[in-house]
Amino acid sequence: MGIEMKQLNCINCPLGCLLMVELTDGKVTKVTGNTCPRGESYAYQEMTDPQRMLTSTIHIEGGALPLLPVVSQKTLPKDRILDCAAALRGITVTAPVKAGDVVVTNILGLGIDILASRDMDKRQ
Amino acid sequence: MDEQWYDIIIVGGGPAGLSAAYSAWMQGAKKILVLERDREVGGILQQCIHNGFGLHHFKEELTGPGYAQRCYDLVKDKKEIEILVDTMVLNINNDKIVTAVSPKYGLIKIQGKTVILTMGCRERTRGAIRIPGYRPAGVFTAGAAQRMVNMEGYLPGKKIVILGSGDIGLIMARRMSLEGCKVQAVLEICPFSNGLTRNMVQCVYDYDIPLYLSHTITAIHGKDRVTGITAAKVDEHMKPISGTEFEIDCDTLLLSVGLIPENELSRELGLTMHPLTNGPIVDQHRETSIEGVFAAGNVVHVHDLVDFVSEEAEIAGKYAALKAMGKMEGNVTDVRVEAIDEVRTCVPQHIRIGKGETIRLFMRVRKPMKRVRLTVKSGVNMLFSKVLPIAKPSEMIAADIPAAKVNGHYTDWTVSVKEEEA
């Protein structure tokens, strides 16, 4: 297979560094173009097991607003993001909720919790 | 709300207003009032449920509501800071008397020793880009759709076309996909994307959404409800090229075609405005052309990062507090800062040099470029020079001019970006 070069845009921060990834027999052997260490680990991750954060909303009963924004505690496998988003569509919690509260434990058995992004008081 | 006067009245309770309030409080201001027209503070962040906020300001990756929560947590329960929601400011006059209306207090008039304008910005609409055709249901700005989906709990449609590749448009492309809608295309009239690279990757490429650069919409179809659009390629003058038209089927069109600082109050007050930023002209303390009136955040110039909005608002809050307490440094020389060459805008537009302090300039360039040199000069004196690998209109550039370089340079400054010769 030999050496192959791939271009990637780092998505860790708004800088969006253009990474040059050197692959030898399909394995990452060198990363350049990154301005911080997170770029390098992103390139390794993206080439082997791409991961993404998930943000969405769930229904909240008795809340000041009808929806509660939620976020995955850590990144999830990229190819499971749509399944996780679909699973969240059926979830309802009850107000009040505090930012950081776990609203779904171990989503789809992936070992990651889903957390409330903000406080949500009861409807006045 | 028993008082008629305050040290500082802040118009708008988004990230800029909350950050300004906290900064003014930190500076020792005793009577701070924040006026917010929505049902809660946090501004547009409350509907920006995605993550990626706060890396600079809070050194942590947060969602929009998470960032708003942090800003709010810093100001709530402080007896010196009063927040009124559901309150719409109608007018601000030269004596810094603010007229506002709320369901709770009716019409109120209050006076501030200083006022900070943090009204943010709003979206350009279909009217601003003049797409011909009927006016069927199903045409929304991306932000309006974002509020529907993320806060009100309903979908604007099922089959979506997005015009404009600004960040909100890109974020909505992903959001609609996550909600099970089909995003048919993102069309961008420029030959380059206008959003952050990370959003192109995560929101468009990840979902295999077709992106058409140098394309626009020439017709919207459907009489009662959108049934589709006609797209066409554009030439270098952004005019549609005849014969390149094609149809895309959709029931919803989202527009992400730019943001306009919301400055009706500023104009009525008579502030000097900048024709390119569409915001008030400010000095490095974010004081406007009227003494004691400050402005910060998207109302001054549209930012791409809320972190910089907070930073700018903290500057405004600090100096508004010092002014209100009579502690502002006098005896300063006013120096103009002019954007030249490929720099489209630079904030602040003028600086007042006194004892000297580090000054951060925020710039936007006219076009995407590789390997450019950014220089700041006072007359012929070079104050700052740096090579940047990439410069894009969508990404604001910040440059710090150290205090030692600021002092004594009273000849007007010029800020330039030029492509480096190979």
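The values are calculated or read from the model by the stated rules, or taken from the named source; none is laboratory data. Keep in mind it's a predicted model, so treat the numbers as computed, not measured. Cβ atoms come from the backbone with ideal geometry, glycine included; neighbour counts cover every protein chain shown.
Of a type in the set (A, V, I, L, M), touching a strand residue (DSSP E or B) at 6+ places or on another chain (Cβ under 9 Å), at pLDDT below 95 and not assigned by TED's automatic domain parsing to the domain that holds B:Glu287: which single residue out of B:Ile359, B:Ile340 fits that description?
Matching residue, one of B:Ile359, B:Ile340: B:Ile359.
So in region B:129-143, with the set limited to residues that are surrounded by fewer than 16 Cβ atoms within 10 Å (Cβ to Cβ) and within 26 Å of the chain's Cα centre (by Cα), which one is farthest from the other protein chains (Cβ to nearest Cβ)?
It comes out as B:Arg130.
Among the residues of region A:1-50, what is the count of those that are more than 11 Å from chain B (Cβ to nearest Cβ) and either among the charged types (D, E, K, R) or in contact with a Pro (Cβ under 8 Å, 6 or more places away or on another chain) (or both)?
8
Just checking, does region B:32-50 include any residue being within 14 Å of another protein chain (Cβ to nearest Cβ) and among the polar types (S, T, N, Q)?
Yes.
Does at least one position in region B:327-335 carry a residue that is touching a strand residue (DSSP E or B) at 6+ places or on another chain (Cβ under 8 Å) and touching a residue at least 60 places away in the same chain (Cβ under 8 Å)?
For region B:327-335, residues touching a strand residue (DSSP E or B) at 6+ places or on another chain (Cβ under 8 Å) and touching a residue at least 60 places away in the same chain (Cβ under 8 Å): present.
Go through region B:257-274 and report how many residues are in a loop (DSSP other than H, G, I, E, B) and either polar (S, T, N, Q) or at pLDDT below 95 (or both).
The total comes to 4.
For region B:2-65, give me every one of the strands (runs of 3 or more DSSP E) that falls completely inside it and has 1 or more residues that are within 18 Å of the chain's Cα centre (by Cα) and surrounded by fewer than 24 Cβ atoms within 10 Å (Cβ to Cβ).
B:51-53
Take B:Lys104 and tell me if it is surrounded by fewer than 18 Cβ atoms within 10 Å (Cβ to Cβ), within 14 Å of chain A (Cβ to nearest Cβ) and not in a strand (DSSP E or B).
yes
Considering only region A:106-124, state which residues are under 21 Å from the mean Cα position of the chain (by Cα) and either within 11 Å of another protein chain (Cβ to nearest Cβ) or among the small types (Gly, Ala, Ser) (or both).
Those that are under 21 Å from the mean Cα position of the chain (by Cα) and either within 11 Å of another protein chain (Cβ to nearest Cβ) or among the small types (Gly, Ala, Ser) (or both): A:Gly109, A:Gly111, A:Leu115, A:Ala116, A:Ser117, A:Arg118, A:Asp119.
Can you find even one residue in region B:116-126 that is in a helix (DSSP H, G or I), more than 21 Å from B:Val299 (Cβ to Cβ) and more than 12 Å from chain A (Cβ to nearest Cβ)?
Yes - at least one qualifying residue is present in region B:116-126.
Just to verify a result, which residue in region B:107-122, among those that are buried (at least 20 other Cβ atoms within 10 Å of the Cβ) and not β-branched (Val, Ile, Thr), is farthest from B:Ala21 (Cα to Cα)?
So, considering only residues that are buried (at least 20 other Cβ atoms within 10 Å of the Cβ) and not β-branched (Val, Ile, Thr), the one farthest from B:Ala21 (Cα to Cα) is B:Cys121.
Take the residues in region B:299-317 that are within 12 Å of B:Pro261 (Cβ to Cβ) and in a loop (DSSP other than H, G, I, E, B); name whichever of them is farthest from the other protein chains (Cβ to nearest Cβ).
That would be B:Val300.
How many residues does region B:174-210 contain that are aliphatic (A, V, I, L, M) and within 14 Å of chain A (Cβ to nearest Cβ)?
8
Can you tell me which of (1) more than 14 Å from chain B (Cβ to nearest Cβ); (2) part of a strand (DSSP E or B) is the one A:Val103 doesn't meet?
Against the list (1) more than 14 Å from chain B (Cβ to nearest Cβ); (2) part of a strand (DSSP E or B), A:Val103 comes up short only on (1).
Looking only at region B:242-256, count how many residues are part of a loop (DSSP other than H, G, I, E, B) and modelled with pLDDT of 95 or more.
6
With region B:150-240 as the region, which strands (runs of 3 or more DSSP E) entirely inside it contain at least 1 residues that are more than 30 Å from A:Ala43 (Cβ to Cβ) and of a type outside the set (Gly, Ala, Ser)?
B:159-163, B:182-188, B:215-221, B:228-233
If I ask for residues that are outside the structural domain of B:Gly164 (by TED's automatic domain parsing), loosely packed, with under 15 Cβ neighbours inside 10 Å and not small (Gly, Ala, Ser), which ones from region B:247-271 would you list?
Answer for region B:247-271, where residues must be outside the structural domain of B:Gly164 (by TED's automatic domain parsing), loosely packed, with under 15 Cβ neighbours inside 10 Å and not small (Gly, Ala, Ser): B:Glu264, B:Arg267, B:Glu268.
Determine whether region A:6-26 contains at least one residue that is surrounded by 14 or more Cβ atoms within 10 Å (Cβ to Cβ) and β-branched (Val, Ile, Thr).
Yes - at least one qualifying residue is present in region A:6-26.
Across region B:382-410, which residue is nearest to B:Asp304 (Cα to Cα) among those that are surrounded by 13 or more Cβ atoms within 10 Å (Cβ to Cβ) and of a type in the set (D, E, K, R)?
B:Glu395
If I ask for residues that are acidic (Asp, Glu) and touching a residue at least 60 places away in the same chain (Cβ under 8 Å), which ones from region B:395-416 would you list?
Within region B:395-416, B:Glu395, B:Asp412 qualify.
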